[in-house]
Structures are given as structure tokens and as C-alpha cells.
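One structure is given below, encoded as C-alpha cells.
The values are calculated or read from the model by the stated rules, or taken from the named source; none is laboratory data. Note that the structure is predicted; figures quoted are calculated from it, not measured. So basically every Cβ, Gly included, is an ideal-geometry build from the backbone, and we count neighbours across all protein chains shown. Surface areas here come from the heavy atoms of the whole protein model, side chains and all, with no ligands, DNA or RNA. Shrake-Rupley method; radii C 1.70, N 1.55, O 1.52, S 1.80 Å.
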Amino acid sequence: MAFIFNRQLSQKLYAATLRAFCSQTTGKPYWLSKFPDGQVRSFEEIPIIEERYDARKIHEVSKGWFQKYGHVVRECMTDGTSCVHLYHFDDFRTVYYNDGTFPRRKSHRAIKQYRSERTDMYENVGLGAGDGAEWWMLRNLMAVGITEKIIRSLHPSLEEVADDLVKMLHIAASEGDVNMLPWLFRWAFESIGVVTLNRRLNALSEYLDEEADKMVEAADLTNEMIALTEVDWANYEKHYQRLVPAQDYMYFVILRYVHEISAKGDSNCVVKTLLEQPNGSVKNAITLTMDIFQGALQTVPLTVLMALYNLARNKQVQDAAREELTKLLPLRDSKYFSIVKNFKYDIPPYLNGIVWETLRINPPIIGNRRVLQEDLILGGYIVPKGIHVILHQQVACLLEENFADPLKFNPERHPSPHMQHLEYVFGARRRICFGKTFALDQMALVIAKILRDFEIVYDGEEVNMINRLHNKPEVPLYLRLFPLM
């Protein structure tokens, strides 16, 4: 071993570090270039940031921290605790590898409070806010509910939803530039309804549906309040009170949906599968359905939006993608899922590259959070058990040390040697996103459908992003869509 451990390190830390290093392919810790003496530094020696910043710009601010201090930075929080920001893929791997039986994170505290105070409605706080054995029970329940078999059986209905989106975009494009995100929210909402409830929710219609609009609005507001209650403690109660009616509305709508599904004998969907499991109570089915709506309603549409934006700004890439798709889908009514039956194996390679390149350059989140389960060596520093760490996937993916010409949108770089690292946007190991396959499936489907029907144009200024739990454009993003013959 090319480095020397501090004698004060415990045997537990030593063993954990060995496991992490043995799982890496680099052969030796990257931080030896910074600490060539091989000596591990203490937690107190981690560079500290204390300045105030706009949490909406955390994706930009955190890049500045890396440029100034390096791969490990410690932030002193207002409540007296510390948060460690990490920027190296090896450290991400170390954290994930030592995640423990029940990975923990500090997040969704407002949702935890809301559900904990309503035991008549909820048995637990759900997947986002949950930890421990209760979280693992829900995780296993969800693994039975969302399976590739169920998703594949619903492919015809999901393609019908995507086709309906394209029809609505034709109408919207005839009236001028299109504000894309509201339509993508509607498409995602409708698709989630198909998968969870096996029903159409009327979000893609010329005649707007009030319930669909309110559900989309409630989910969007909830995500914003979750983000604000994590960073703006001085106004926690004000933000929490805005979250309550949004969650109330979502709960009672989904309660009605779940009761309707439970009364049917042959419905093929996630909720029906959940209700048939030993732990599949109505309360748990409602909780998990709300978690699905909450997560997928933001992440997938935002990724698709940024993919379309990048394609509009890179005509050569757009033309190459359309050429590939036209060969596979020669007619405008050709069925995508007649070609792509399994995302893992059948996805057209250039389309696949577009999805992953978007997740690299414009991911829907800055990264993932964890609470360390044991003392670890990260970037050459001892970081104690119980410390909150943020794995800055977005910054790491835009560093030249990881990707050549990192700001260039280049789908041809995929599959990349760093593909495993790119997949960290979905998390890893036990707490990996349970909807990963469905999300990738849906993103490829709708990008293909839109590219096959429209030329996409954007000639405005570069879009500025803000973070409200998810990365989104600071102002509405309008694209010009020209129907193809």
C-alpha cells in the first residue's frame, strides 16, 4: 500500500477504507497527489467555507468551492453541524460502498413532518424521507410493484400518451414558440397515471382538465417547498404551511384512485400489484404512489427539456439523431416500442448517447446526499460517522479530469469509460432510484417521438438554471417546433 495511515485511525476505519480501495480501479488513492507523504489529515483540516450564498444557485456556487479548495470542502451549517461537499468519483464510490444496510440521508424533512403528524392517513413517512428498516420494507415493496415486466406490458399505452403529446405540440407550434415544460409535465403526469393506476388522467387534451392541472401544480409546489425547508430554516414554518394544502390535495385525489383500483379485479398496474402484497395496505399504496408522482413528475420532464434544448443548439447532432430514427421509424406512425422492446438492449445508440449526455451536462439534480454510517477516509481526510455529505455529481461530470471538452454536447462519447460514474445520478447500491429503468425508457421514447415529428430550433441566449430540489430553467424555455413532412 502506497500510503501511511495515521496511528489514531481505528481498526474499523482501516477496514472500511481497505474495502473501498479494493473496489476501485485506480490502484491508489487520487489524493496522494495532494498529500504525497501519504499521511491522512484530520476532519478539522478540511478547508472550510462560511460565506452565505443563494441556494437556488448551489450548482454554480459549489463549482466555485471546488475550484478554490479542491475535492473536499466543509460547510459550517447554521445549526452547528457540518456538511462535507465531495467532488471526486472515487469518493462517491467510497461513500456508496460503505452505505450500510440502510443508507441514510438528510432530506425531505417537511414531508417527514407532514406524514408523521397524520397517522390516520399514513403508516410511515415514505421513501424520500424514510430511513432504517421501515424504509427498506417500502423499498422492497416498491421493487415488487415496479417491474420491467409491468412496464413492458404497458408500452402500448405509454406510446399512446407520447403520441398524444406530439399531437398537442403540433397544435401549440401552430400558434408560435412553445413553452415546453408545462407540456412535458402533463406528459409525465399522464404516463405515471398509466403505470401506477392503468388509467388516463386527461392531462393531454385540448380541453384542459382542472384536476390534472391542480395535481401537476401541487407536485411542483411540493418540490419547491421541500427544497426551501431544507435551506431556509428561518422561514421553515411559512414554507411548510404552503406545502400542506398541496399535499392534502394530492392525497385525497390519489386516495380516490387507489380505492377505484382496489375494487377492480384485473387491473395491470403498480397500485394493484402493491395492494396484493403482504405489506401492501391502502396506506402504503397511497404513500408510494405519491412518492412516484412526486419524483418522476420533475426529473424526467426536466431531463427531456434540456435534451431538446441541447439538440436545438446543436443542429448537426439533431440531424444525425433524426437520420438514425428515420431508418428505424420510417413512417410517422411507426411504433417506437415495436423496435425498442427493452431499454437496456434495443435503444438506438445515438439516441442512447443523447440521453446520457444530457444527464451528464444538464442533470435534474446536483447530486446525492448521504449521512455516513461509519468513519471514512475521503480525499485524504478522516470524515466521521454521522456527517452529512453531498456528492456533487453535476460538478464532477463537467470537469476536464473526467471528460475531454466537458462543456461540448457530444452523444458520441457514450458509452463512456465513466459510464458507471454517470449512472451515479440515479444513486447507487441499495438506495439507487427504483424508477431508473422506467425513467430512461420514457426519456428515450419521448425524445424519439418529438425528433421524428419536428425540427427543433432555439436561437436565444444560453439558459440560466436555478435549483429548487431539481435543476430547472430560471425563466420559461420556449422552443420553435417546425413540423416535418
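Annotations for the structure displayed:
- Percentage of interatomic Cα-Cα distances in the stretch 232-358 larger than 19 Å: 68 percent
- At full extension, Glu276 and Phe35 could sit 81.2 nm farther apart than now, given 0.36 nm per residue minus the alpha carbon distance.
- Rounded tilt (10° steps) of 180-197 against the dominant C-alpha axis of the chain: 90 degrees
- Highest-first packing order for the peptide set 460-468, 378-386 is 378-386, 460-468, based on the mean count of other beta carbon atoms within 10 Å.
- Cβ charges +1 (Lys, Arg) and -1 (Asp, Glu), total dipole of the stretch 292-450, debye: 460 debye
- Between the stretch 124-146 and the stretch 171-208, the C-alpha centres lie 29 angstrom from each other.
- C-alpha long axis of helix 155-173 to longest principal axis of the chain, angle in °: 80 degrees
- Phe35 exposes around 20 Å² of accessible area when a 1.4 Å probe is run over every protein chain in place.
- Å² of accessible area per residue within the stretch 26-116, as computed with a 1.4 Å probe and no ligands counted: 47 Å²
- Listed by chain and number, the lysines whose C-alpha is less than 27 Å from the C-alpha of Lys34, apart from same-chain residues fewer than 8 away, are Lys12, Lys63, Lys68, Lys385.
- Charge dipole of the chain about the Cα centre (unit charges at C-beta), most positive-ward option of Leu331, Ala110, His85: His85
- Taking a straight Cα-Cα cut-off under 19 Å and skipping sequence neighbours fewer than 8 places away in the same chain, the aspartates and glutamates within cross-link reach of Lys264 are Glu276.
- Surface composition of the stretch 184-294: carbon and sulfur make up 50 percent of the accessible area, probe 1.4 Å.
- Cα centroid separation, the stretch 437-467 to the stretch 238-289 (Å): 30 Å
- Charged-residue dipole, Cβ positions (Lys, Arg, Asp, Glu), the stretch 146-300 about Cα centre, Debye nearest 20: 600 debye
- Separation of alpha-carbon centers, the stretch 345-424 and the stretch 65-109, rounded to whole Å: 14 Å
- Per-pair calculated FRET efficiency, R0 = 25 Å: Arg430 and Thr119 via Cβ, rounded to 0.05: 0.40
- With a cut-off of 9 Å between beta carbons, the residues surrounding Ala212 carry a summed charge of -3, where Lys and Arg count +1 and Asp and Glu -1.
- Ranking Leu275, Leu204 by solvent-accessible area of protein heavy atoms (1.4 Å probe, all protein chains present), from largest to smallest, gives Leu275, Leu204.
- Length gained on full extension, Glu210 to Arg109: 33.4 nm, using 0.36 nm per residue less the C-alpha separation.
- In the stretch 119-236, the inverse of the mean reciprocal separation of distinct Cα atoms equals 16.9 Å; this is its Kirkwood hydrodynamic radius.
- Positive dipole terminus of the chain, leading residue within Ile390, His170, Met290 (C-beta point charges): Ile390
- Where both bridge residues fall in the chain, DSSP classifies roughly 75% of the beta bridges as antiparallel.
- Here the accessible area of the stretch 332-465 is 49 percent carbon and sulfur, with a 1.4 angstrom probe and all protein chains present.
- Bridgeable lysines around Lys408 (alpha carbons under 16 Å apart, same-chain partners fewer than 8 residues away excluded): Lys315.
- Summary of packing: across the peptides 61-68, 414-421, the per-residue average of other C-beta atoms within 10 Å ranks them, highest first, as 61-68, 414-421.
- For the stretch 349-485, accessible area per residue (1.4 Å probe, heavy atoms of protein chains only), Å²: 37 Å²
- Annotation note: trypsin sites (Lys or Arg not before Pro) in the stretch 434-464 located in DSSP loop regions with a Cβ neighbour count of at most 15 within 10 Å are absent.
- Here the sum of -39500 (n - 2.57) over DSSP H runs of 4 or more residues, divided by the residues of the chain, equals -16000 deg cm²/dmol at 222 nm, to the nearest 500.
- In plain terms, the chain from Met485 to Ala320 could stretch by 57.7 nm, reckoned as 0.36 nm per residue minus the Cα-Cα distance.
- Shown here is the pair-distance distribution of the stretch 351-453: with all Cα-Cα distances grouped in 5 Å bins from zero up to the longest one, the shares run 2, 11, 19, 21, 18, 13, 8, 5, 2, 1, 0 percent.
- Which listed pairs, of Lys149/Lys436; Lys238/Lys283; Lys214/Lys449; Lys106/Lys272, have C-alpha distances above 23 Å, in listed order: Lys238/Lys283; Lys214/Lys449; Lys106/Lys272
- Ordering 41-52, 163-174 by mean Cβ neighbour count within 10 Å, with the highest value first, yields 163-174, 41-52.
- Using a Förster distance of 35 Å, the FRET efficiency for Lys167-Phe252 (Cβ separation, nearest 0.05): 0.70
- Dipole check for the chain: with +1 at the C-beta of Lys and Arg, -1 at the C-beta of Asp and Glu, and the Cα centre as origin, the magnitude is about 1400 Debye.
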